[in-house]
Each structure stands twice: as C-alpha cells, then as structure tokens.
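What follows draws every value from the coordinates through simple rules; no lab data is involved. Being a predicted model, the structure only gives us computed values, none of them experimental. Methodologically, a virtual Cβ is constructed for each residue, glycine included, from the backbone with ideal geometry; neighbour enumeration extends over all protein chains shown.
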Amino acid sequence: MSAPGPTGAHHPSLLLVDDDATLRERLARAFRERGWDVTTAGDYDAALAAARRESPEYAVVDLRMPGRSGLELLRDLLAVDASTRIVVLTGYGSIATTVDAIRLGAVNYLPKPADVDDLLAAFARVSGEPSVAVPESFEAPSLARAEWEHINRVLADSGGNISEAARKLGIHRRSLQRKLQKYPPSR
C-alpha cells in the first residue's frame, strides 16, 4: 500500500462512509481534488458491497449510522481486506468506542467535525500503530462526562441492547434512552 497522496500515476483508493450526505460529498470532493479515487456509501450494506467490488486502500467510517454500526463495518471491512487502513470518524466519541475501534483494527479515531487535512494527517502514520492523541497534562473529566463514558461502556458491553444496559445500570430504559440522545458533555 502506498503512502497517502497522489504520486506519479497512482491514485490511492478511499471508501468514505457516512450517513450525512452533505458531509460525505464535501469530504469526497476534497479528496478527489487531491487526486484520490473515492467511492462513497451512506450505510453498512452499501459500504460492504463497494469494498467487495474493489477493496479500498483506505477507508473513513462514521461510527453511528442507521442500521449496523461503524464498528461492525470496521470489523467486516478488515475481513474483506486486512490491509485497508481505516479511520473512524464520529460526533459521539467516548473512551469506550475509541478503545473498541482501535482494538478492532482502526489506525486512528477522529471526532467530528474533521476536514480532509485532519483525515490525511490521521492516515499519514507510517508505522501503522494505532494513534490516540495523549494530552500533555491530565484533566479529570467532569462527573457528567464520567457518567456518559460509563453509560456508553455498559451499552457497548451489552451489545447495544438498551434494555440490558438499563438493567445493568439500574435505571429505567426510557431514562437511558433520554441520556443517550444527548450530546456528550464537554470535559
């Protein structure tokens, strides 16, 4: 697999998967302007079909989409071609999902909003080691953020089953659904 960016006649291939059509097409256009061969998809099924037709060298996968999740897609894209370098992009980042994405094989994990330069930097890692930015100084999360992280970890451990996660957390299912609809609290 070549380094990101056009070199000579080679145009790196990218599969861009996001259910937000505006964001997906904006990013696709920016990558194409930089010489990339881009295929787009709006959901799990379309993305997997595209990957099976022509395995991409790189992929950007949204974490939360209708139907099957970006983590499931990440796992299945790597089953199609283990050499695909995948960056997970999400507006609902948490420590739990970051760990899951890296464990499943993502090379990086970026919060939205991210632009094409952010994505190119995420792919630029030559070593192939997972990349998670580590702050120079540790700032303890707020109680609300710690609660949000815990809820998402329990939900992930429950396989996304809200009723099971609510039982494990000792709260009503509807209360959990309301908490999950909110954006994550800032640190």
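Farthest toward the positive end of the dipole of the stretch 1-121, out of VAL116, LEU16, THR84, is the Cα of THR84, where the dipole comes from beta carbon charges about the Cα centre. For ASP81, neighbours were defined as the other residues whose beta-carbon sits under 13 Å from its Cβ, and their charges (Lys and Arg +1, Asp and Glu -1) total +1.
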